[in-house]
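The structure appears below as C-alpha coordinates.
The values are calculated or read from the model by the stated rules, or taken from the named source; none is laboratory data. Computed from a predicted model, the values in this text were never measured in an experiment. Because the Cβ atoms are built from the backbone with ideal geometry, glycine has one as well, and the counts that use them run over all protein chains shown. Protein only, heavy atoms only, side chains kept; ligands, DNA and RNA dropped before computing areas. Shrake-Rupley method; radii C 1.70, N 1.55, O 1.52, S 1.80 Å.
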Amino acid sequence: MDFENMNVWCWLIPLLTGVICGVLGYLIGQSSRETIDNTAELDTLKNKNAKLQADLDACNGKLNVASTAAAAAVTAIAPEVEQDPPFDAAAAKAAMGKTIKKDDLKVVEGIGPKISSMFHEGGIKTWKALSETAVARCQEILDGGGERYKVHDPASWPMQAKMCYEGKWSELAKWQDEHDHGKL
(Lines give C-alpha, C1' and ligand atoms only; values in the text may rest on other atoms or scores of the structure.)
Protein backbone atom coordinates (compact mmCIF):
# COMPACT_ATOMS: atom_id res chain seq x y z
CA MET A 1 0.00 0.00 0.00
CA ASP A 2 1.25 3.44 -0.97
CA PHE A 3 0.75 5.91 1.91
CA GLU A 4 1.56 8.99 -0.18
CA ASN A 5 -1.41 8.39 -2.49
CA MET A 6 -3.64 7.55 0.46
CA ASN A 7 -3.00 10.97 2.03
CA VAL A 8 -4.31 12.71 -1.11
CA TRP A 9 -7.46 10.56 -1.12
CA CYS A 10 -8.16 11.42 2.52
CA TRP A 11 -8.57 15.05 1.49
CA LEU A 12 -10.07 14.58 -1.97
CA ILE A 13 -13.00 12.32 -1.01
CA PRO A 14 -14.54 14.69 1.67
CA LEU A 15 -14.00 17.65 -0.65
CA LEU A 16 -15.83 16.00 -3.56
CA THR A 17 -18.62 14.86 -1.22
CA GLY A 18 -19.10 18.43 0.05
CA VAL A 19 -19.24 19.90 -3.47
CA ILE A 20 -21.75 17.29 -4.64
CA CYS A 21 -23.96 17.86 -1.56
CA GLY A 22 -23.83 21.65 -2.08
CA VAL A 23 -24.89 21.38 -5.73
CA LEU A 24 -27.70 18.94 -4.92
CA GLY A 25 -28.98 21.16 -2.06
CA TYR A 26 -29.00 24.21 -4.33
CA LEU A 27 -30.92 22.35 -7.08
CA ILE A 28 -33.47 20.95 -4.61
CA GLY A 29 -33.96 24.38 -3.05
CA GLN A 30 -34.56 26.01 -6.45
CA SER A 31 -37.13 23.46 -7.52
CA SER A 32 -39.21 23.72 -4.33
CA ARG A 33 -39.24 27.57 -4.13
CA GLU A 34 -42.58 29.13 -4.91
CA THR A 35 -42.81 32.62 -6.28
CA ILE A 36 -45.12 34.68 -4.07
CA ASP A 37 -46.71 37.75 -5.60
CA ASN A 38 -47.24 40.42 -2.91
CA THR A 39 -47.77 43.35 -5.22
CA ALA A 40 -51.54 43.54 -4.55
CA GLU A 41 -51.05 43.59 -0.79
CA LEU A 42 -48.21 46.11 -1.12
CA ASP A 43 -50.41 48.44 -3.21
CA THR A 44 -53.21 48.19 -0.61
CA LEU A 45 -50.82 49.09 2.20
CA LYS A 46 -49.39 52.03 0.22
CA ASN A 47 -52.91 53.41 -0.34
CA LYS A 48 -53.76 53.02 3.35
CA ASN A 49 -50.51 54.77 4.30
CA ALA A 50 -51.25 57.68 1.94
CA LYS A 51 -54.73 58.08 3.46
CA LEU A 52 -53.34 58.10 7.01
CA GLN A 53 -50.70 60.65 6.02
CA ALA A 54 -53.40 62.91 4.55
CA ASP A 55 -55.43 62.61 7.79
CA LEU A 56 -52.33 63.46 9.84
CA ASP A 57 -51.59 66.52 7.71
CA ALA A 58 -55.19 67.71 8.09
CA CYS A 59 -55.03 67.32 11.89
CA ASN A 60 -51.70 69.17 12.06
CA GLY A 61 -53.20 71.99 9.99
CA LYS A 62 -56.14 72.31 12.39
CA LEU A 63 -53.77 72.23 15.37
CA ASN A 64 -51.60 75.00 13.91
CA VAL A 65 -54.64 77.19 13.25
CA ALA A 66 -55.97 76.60 16.77
CA SER A 67 -52.60 77.27 18.45
CA THR A 68 -52.09 80.45 16.42
CA ALA A 69 -55.54 81.69 17.42
CA ALA A 70 -54.92 80.81 21.08
CA ALA A 71 -51.55 82.57 21.05
CA ALA A 72 -53.14 85.66 19.56
CA ALA A 73 -55.87 85.60 22.21
CA VAL A 74 -53.35 85.26 25.04
CA THR A 75 -51.24 88.07 23.62
CA ALA A 76 -54.28 90.32 23.40
CA ILE A 77 -55.40 89.53 26.97
CA ALA A 78 -52.18 89.12 28.95
CA PRO A 79 -49.84 92.02 29.58
CA GLU A 80 -46.17 91.64 28.83
CA VAL A 81 -44.36 89.33 31.20
CA GLU A 82 -41.92 91.07 33.48
CA GLN A 83 -38.36 89.89 33.17
CA ASP A 84 -36.04 89.60 36.10
CA PRO A 85 -33.52 92.41 36.36
CA PRO A 86 -30.06 91.29 35.24
CA PHE A 87 -27.56 90.26 37.91
CA ASP A 88 -24.43 92.43 37.89
CA ALA A 89 -21.73 90.51 39.76
CA ALA A 90 -19.19 93.30 39.35
CA ALA A 91 -21.48 95.92 40.93
CA ALA A 92 -22.32 93.51 43.75
CA LYS A 93 -18.64 92.85 44.45
CA ALA A 94 -17.83 96.57 44.36
CA ALA A 95 -20.58 97.46 46.84
CA MET A 96 -20.34 94.47 49.17
CA GLY A 97 -16.55 93.98 49.08
CA LYS A 98 -16.76 90.26 48.25
CA THR A 99 -17.77 88.03 45.36
CA ILE A 100 -21.53 87.48 45.25
CA LYS A 101 -23.23 84.58 43.51
CA LYS A 102 -26.69 85.04 42.02
CA ASP A 103 -29.50 84.02 44.40
CA ASP A 104 -27.10 83.30 47.27
CA LEU A 105 -29.32 83.74 50.33
CA LYS A 106 -26.27 84.06 52.58
CA VAL A 107 -25.83 87.64 51.32
CA VAL A 108 -28.78 88.58 53.52
CA GLU A 109 -27.56 89.65 56.95
CA GLY A 110 -28.50 86.93 59.47
CA ILE A 111 -28.65 84.02 57.03
CA GLY A 112 -25.80 81.55 57.15
CA PRO A 113 -25.17 78.26 55.35
CA LYS A 114 -27.47 76.17 57.57
CA ILE A 115 -30.39 78.63 57.44
CA SER A 116 -29.88 78.95 53.68
CA SER A 117 -30.20 75.18 53.29
CA MET A 118 -33.32 75.20 55.50
CA PHE A 119 -34.89 77.83 53.22
CA HIS A 120 -33.93 75.80 50.14
CA GLU A 121 -35.66 72.78 51.65
CA GLY A 122 -38.67 75.02 52.32
CA GLY A 123 -38.85 75.93 48.63
CA ILE A 124 -37.28 79.39 48.90
CA LYS A 125 -34.22 79.28 46.66
CA THR A 126 -33.96 82.76 45.12
CA TRP A 127 -33.79 86.36 46.27
CA LYS A 128 -37.08 87.00 44.50
CA ALA A 129 -38.79 84.13 46.33
CA LEU A 130 -37.44 85.33 49.68
CA SER A 131 -38.51 88.92 48.97
CA GLU A 132 -42.07 87.70 48.33
CA THR A 133 -42.16 85.51 51.46
CA ALA A 134 -43.99 86.69 54.56
CA VAL A 135 -41.95 87.14 57.72
CA ALA A 136 -44.27 84.62 59.45
CA ARG A 137 -43.31 81.97 56.87
CA CYS A 138 -39.62 82.73 57.44
CA GLN A 139 -40.17 82.26 61.16
CA GLU A 140 -41.94 78.92 60.53
CA ILE A 141 -38.92 77.66 58.61
CA LEU A 142 -36.62 78.77 61.43
CA ASP A 143 -38.85 77.14 64.05
CA GLY A 144 -38.63 73.90 62.08
CA GLY A 145 -34.88 73.89 62.78
CA GLY A 146 -35.35 73.69 66.54
CA GLU A 147 -34.48 75.84 69.53
CA ARG A 148 -31.13 76.85 68.08
CA TYR A 149 -32.72 78.95 65.34
CA LYS A 150 -35.42 80.70 67.37
CA VAL A 151 -32.99 83.47 68.31
CA HIS A 152 -32.83 84.70 64.71
CA ASP A 153 -35.06 87.59 63.66
CA PRO A 154 -36.18 87.27 60.00
CA ALA A 155 -38.10 90.59 59.97
CA SER A 156 -35.66 92.29 57.58
CA TRP A 157 -34.80 89.31 55.37
CA PRO A 158 -37.51 89.84 52.72
CA MET A 159 -36.53 93.52 52.44
CA GLN A 160 -32.82 92.68 52.11
CA ALA A 161 -33.61 89.97 49.55
CA LYS A 162 -35.61 92.49 47.52
CA MET A 163 -32.62 94.83 47.43
CA CYS A 164 -30.47 91.92 46.21
CA TYR A 165 -33.04 90.95 43.59
CA GLU A 166 -33.36 94.52 42.30
CA GLY A 167 -29.58 95.00 42.24
CA LYS A 168 -29.54 97.78 44.84
CA TRP A 169 -26.16 96.73 46.22
CA SER A 170 -24.97 100.06 47.59
CA GLU A 171 -28.26 100.52 49.47
CA LEU A 172 -28.00 97.00 50.88
CA ALA A 173 -24.40 97.53 52.00
CA LYS A 174 -25.33 100.83 53.67
CA TRP A 175 -28.36 99.26 55.40
CA GLN A 176 -26.30 96.30 56.67
CA ASP A 177 -23.62 98.65 58.02
CA GLU A 178 -26.20 100.72 59.90
CA HIS A 179 -28.09 97.79 61.46
CA ASP A 180 -26.68 95.39 63.99
CA HIS A 181 -26.92 91.79 62.71
CA GLY A 182 -29.79 92.57 60.37
CA LYS A 183 -32.23 93.66 63.05
CA LEU A 184 -34.66 96.48 62.31
When the chain is modelled as a GNM with alpha-carbon springs shorter than 10 Å, which of GLU166, GLU147, GLU41 fluctuates the most?
GLU41
Can you compute the modelled spin-label distance between ASN60 and LEU12, with each label point 7 Å from Cα toward Cβ, in nm?
7.0
Tilt of helix 39-77 relative to the longest C-alpha principal axis of the chain, in degrees (0 to 90, nearest 10)?
10
Length gained, ALA70-GLU171, 0.36 nm per residue minus C-alpha separation, equals 32.0 nm
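Return one whole number: the accessible area per residue of the chain in Å², for a 1.4 Å probe.
On the way: 13770 Å² over 184 residues.
Averaged over the residues of the chain, the accessible area is 75 Å².
Could you sort VAL23, VAL65 by their accessible area in this structure, using a 1.4 Å probe and putting the largest first?
Numbers: VAL23 80, VAL65 105 Å².
So the residues, ranked largest to smallest area, are VAL65, VAL23.
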State whether the chain is rounded, prolate or oblate according to the following rule on the C-alpha gyration tensor (a ≥ b ≥ c being the square roots of its eigenvalues): a/c under 1.5 gives rounded; otherwise a/b larger than b/c gives prolate, and the remaining case gives oblate.
prolate
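Give me the percent of accessible area attributable to carbon and sulfur for the stretch 109-171, probe 1.4 angstrom. Before the final figure, lay out the partial values.
Numbers: 1610 of 3230 Å².
On the stretch 109-171, the fraction of accessible area on carbon and sulfur atoms equals 50 percent.
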By per-residue mean of other Cβ atoms within 10 Å, what is the highest-first order of 128-141, 89-102?
128-141, 89-102
